[in-house]
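Quick notes on the structure that follows.
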Amino acid sequence: MNGAIFYASKYGSTREYAQWIAEATGLSAYDVDASSADPSEFDFLVLGSPVIYYRVIFSEWVQHHLDVLMTKSIVLFTVSGAPAGAKLDGWIADSLPAALTSKMHHFALRGRQIRKDLTWYDWTMLTVAGLTNPDRQAAREERQGFDYMDRNSIQPVVDLIKDLQAADAQGQQDHL
Ligand SMILES: Cc1cc2nc3c(=O)[nH]c(=O)nc-3n(C[C@H](O)[C@H](O)[C@H](O)COP(=O)(O)O)c2cc1C
């Protein structure tokens, strides 16, 4: 099956995951903010976004291509400080259309936040959040940064993509 990765990234960690997934699967990876690649040309789509201020950052791109996305198999990977769980699921539900989230597979990968790389605005916002967040672990991460990047964590995403590729190869053979 002919698929592609479409991702957005603010500080580079989602880009790095997209590149690792591309290397492991042979799919091309397109930055939605820098490429005009057309998602309608592919049979399935792997979408990747970080969570920044409780939202994915490519909502506008998703909205723009929603009609096309609704006709495809969709694999979403998010990159966040928070681990997989109800909090993250809530943020995804709040920032993507329900019609899409109900039909896609979601994988939660954990990213990185390097204090010295942050814009002044983000540094200030995260410092304030780190002083007021009642979740002590999250508060420490907001104040001090973290690096949970893990190449091995892409494996479940890669496995599902390989299933989609195999299903299509079978479909094409049946068609001959
Ligand atoms: C300004 C800012 C806001 C963030 N907000 C959240 C958040 O709401 N929830 C969360 O789990 N992680 C949050 N993070 C952590 C990011 O998801 C993490 O740093 C991710 O790796 C960033 O991806 P990127 O490098 O592709 O931009 C935030 C990070 C930054 C810099």
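The values are calculated or read from the model by the stated rules, or taken from the named source; none is laboratory data. A quick note: this is a predicted structure, and the numbers were derived from the prediction, not measured. When we count neighbours, we look across all protein chains shown, and the Cβ atoms used for this are built from the backbone with ideal geometry, even at glycine.
Values as computed for the structure displayed
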quantity	calculated
Of the criteria (1) touching a Lys or Arg at 6+ places or on another chain (Cβ under 7 Å); (2) on the phi > 0 side of the Ramachandran plot, which one SER95 fails	(2)
Set VAL68, VAL79: member being surrounded by 14 or more Cβ atoms within 10 Å (Cβ to Cβ), assigned to a helix (DSSP H, G or I), in contact with a Ser or Thr (Cβ under 8 Å, 6 or more places away or on another chain) and modelled with pLDDT of 95 or more	VAL68
Members of region 63-84 that are away from the ligand (no atom under 16 Å from the Cβ) and aliphatic (A, V, I, L, M)	LEU66, VAL68, LEU69, MET70, ILE74, VAL75
Answer residue from region 101-118, given it is within 8 Å of the ligand (Cβ to nearest atom) and not charged (D, E, K, R) and is farthest from the chain's Cα centre (by Cα) among those	LEU118
From the options ALA29, ALA4, ALA24, ALA37, residue that is small (Gly, Ala, Ser), in a strand (DSSP E or B) and away from the ligand (no atom under 14 Å from the Cβ)	ALA4
Failed item, numbered, when TYR121 is tested on (1) in contact with a Lys or Arg (Cβ under 8 Å, 6 or more places away or on another chain); (2) of a type in the set (Ser, Thr, Tyr); (3) within 9 Å of the ligand (Cβ to nearest atom)	(1)
Test for GLN165: is it at pLDDT below 95 and over 21 Å from the mean Cα position of the chain (by Cα)	no
So PHE42, is it over 27 Å from TYR148 (Cβ atoms) and aromatic (Phe, Trp, Tyr)	yes
Filtered residue count, region 40-50, keeping only those that are acidic (Asp, Glu) and either within 16 Å of the ligand (Cβ to nearest atom) or surrounded by 15 or more Cβ atoms within 10 Å (Cβ to Cβ) (or both)	1
